[in-house]
């Protein structure tokens, strides 16, 4: 304790270390990832800086406990409440606790219901072709006002889930691998691995037998931006399963949903259990089956996310029917920016399955000049075609969607 | 030069290096210096993350070793590499001579044939004191390199299979920067002192201009800062101007002998401030005029 002489912000001199420990515990309860190691560093740091000023004390703890920018607010609030009255915050957290526990209990019940359904004998193949029967009229109307309601995944019948899962099992996305700057040993490689050769020679002696190496290949990151507005609601359940399967199948997958606003759901889809994942997504998304504002939400994506997720040559799957509440305003500019920021932009549109379909709506016409590929996505067959398309390196940019552009 | 003895000393040190900073940043720097742990700086491009490392090396009189990160950065270009051509020649020479094979092998894996890259250089003893190691834009590398770095930064030692382990006698002063184009793993951040460098307040930015662009007229500096701050409030720009851009802009305007902002001067030099054609198109012309009128009115209201 020899560095600390001044009275601590909490009053008692000897209790400061204890209070740091309690403070750390409080932060942990509030959701910051803080382990015992951090507490020790905090004590060490406070000793190094001393306790002359409250500001320095604040920034000392800040430097240790805060790891990300979005934790700053939480830390700030906790700090000001705790170091005025440590007991107060603890009591407040205690009062919040039952509320935190509640959803978990509910989820347990829900899973049981699903389990019960699963144990029952499945209905006689009635849901098998369900996705193929999706009606056009339902999909072509889109609501004028923002409908903020929560979608109920419970409505999904067991047969429907099975059909979707069957589709998704076939959807192992084999994205064409890209060469990286790293090398790996390969006897048929085109480059000489000098280091391996010398080391081998060191072991065996005699002639230097040349070892070979080749560039490591790695699948590119995948970004999925999916429309969940009213006109897409018949499909969004299926697509969520698809996104969940892809997210858990590979690394570097980022998923976003949009209707009237953009929601990042990558974190929720990382839960292995599809039910848990979908529950978390339902809680996070506020604009299920509402209107669509493609231009504005894409703009938000470009500003907030594009630098963070498109950095390493990502492939973007944009899933939307292109029906836009704002009549295509702002889409062109934002699509252009999105297209320039990624390696390949693929537009998946469920409406494309109708014969004689032409991209006539303003939203579609605004999107079309900026995509590399334009594909249908509405049933198992089109999902299969998508897989094939992603395996190929793909035609040169802009040529791919040219045929559609002439029609539109 | 020894490290500063208190937060205030650290603040003075940075000032001496012409780096205007908040006391909060000085606290984080002081902690990193005294407790010998890396400083992890995050923030938008052009807020002075890299500059901080340069200033530390200058004011402390330490060597600056910079590791610029990129995707696919590997051990051969970040840590060390053997000098194969020289090793080959050495072997040929030895073969024509009468040296035994064992001696040759021992000789070709010595310091003479080792090309030291930044991380290894940073662990070497230096007469001036432990060097400043700047690991710039860590977010650009991939996860495997991050994991390797984790090992180096926690023990400050590197193992070369052919020769052995090299351990730093005095650990270097490490500054890690990230533009946050991707989230760095918590395991690495946990070993560092974290600081988010935000855009400065108008007052602070004016301080920075006084130090970094002393040639600019006082009135011009105030207008420049107010204009840039106005731009940063906007939601529709793809890339907001950083402090570096403010400084560049003040320099550019001074070079053009501008004493007070005019719409024409702004239009001519907008490329210094904004780096995307879409952004420039949005501000160019009438919008610049409107913003400037606002700025002038506000400055007139609060002298």
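Taking a ≥ b ≥ c as the square roots of the eigenvalues of the Cα gyration tensor, region A:180-293 is prolate, since a/c reaches 1.5 or more and a/b is larger than b/c. For region B:202-301, rounded, prolate or oblate, judged on the Cα gyration tensor with a ≥ b ≥ c (square roots of eigenvalues), a/c < 1.5 rounded, else prolate if a/b > b/c? Cα axes put region B:202-301 in the rounded bin.
Across chain B, the mean sequence separation of Cα contacts (distance under 8 Å, 6 or more residues apart), normalised by length, yields a relative contact order of 21 percent.
Based on the alpha-carbon gyration tensor of chain B and its eigenvalue square roots a ≥ b ≥ c, which shape applies: rounded if a/c is under 1.5, prolate if not and a/b is larger than b/c, or oblate? Prolate shape, in that a/c is at least 1.5 and a/b is the bigger ratio. Take the Cα radius of gyration of region B:122-237 and divide it by 2.2 N^0.38 Å, N being the number of residues; the result is 1.51. Per-residue shielding of B:189-196, expressed as the average number of other chain Cβ atoms within 10 Å of the residue Cβ, stands at 6. Only beta bridges with both residues in chain B are counted; by DSSP, about 30 percent of them are antiparallel.
In the distance distribution for region B:44-179, Cα-Cα pairs more than 21 Å apart total 50 percent. Both radii were evaluated on the Cα set of region A:178-218; the Rg over Rh quotient, with Rh as the Kirkwood radius, amounts to 1.07.
Relative to the longest principal axis of the Cα atoms of chain B, the long axis of helix B:143-155 makes an angle of roughly 70 degrees. Entry note, region A:178-218: relative contact order of 60 percent, from Cα contacts under 8 Å with a spacing of 6+ residues. Counting, for every residue in B:32-43, the Cβ atoms of other protein chains within 10 Å of its Cβ and taking the mean gives 2. Take every pair of alpha-carbon atoms less than 8 Å apart whose residues are at least six positions apart; their mean separation over the length of region B:202-301 yields a relative contact order of 31 percent.
With a 10 Å cut-off around each Cβ of A:193-200, the average count of Cβ atoms from other chains is 4.
Take B:191-197, A:50-56, B:269-275 and order them by the average number of nearby Cβ atoms within 10 Å per residue, most first; the result is B:191-197, B:269-275, A:50-56. Rounded to the nearest 10 degrees, what's the angle between the helix B:243-255 long axis and the longest principal axis of chain B, both from Cα atoms, 0 to 90? Here the helix axis deviates by roughly 60 degrees. The calculated 222 nm mean residue ellipticity attributable to helices in chain B amounts to -15500 deg cm²/dmol, summing -39500 (n - 2.57) over DSSP H runs of n ≥ 4 and dividing by all residues.
Every number in this text was worked out from the coordinates using simple rules, so none of it is lab data. Since the model is a prediction, treat every value here as computed from it, not as a measurement. As a convention, Cβ positions derive from the backbone with ideal geometry for all residues, glycine included, and neighbour counts pool all protein chains shown.
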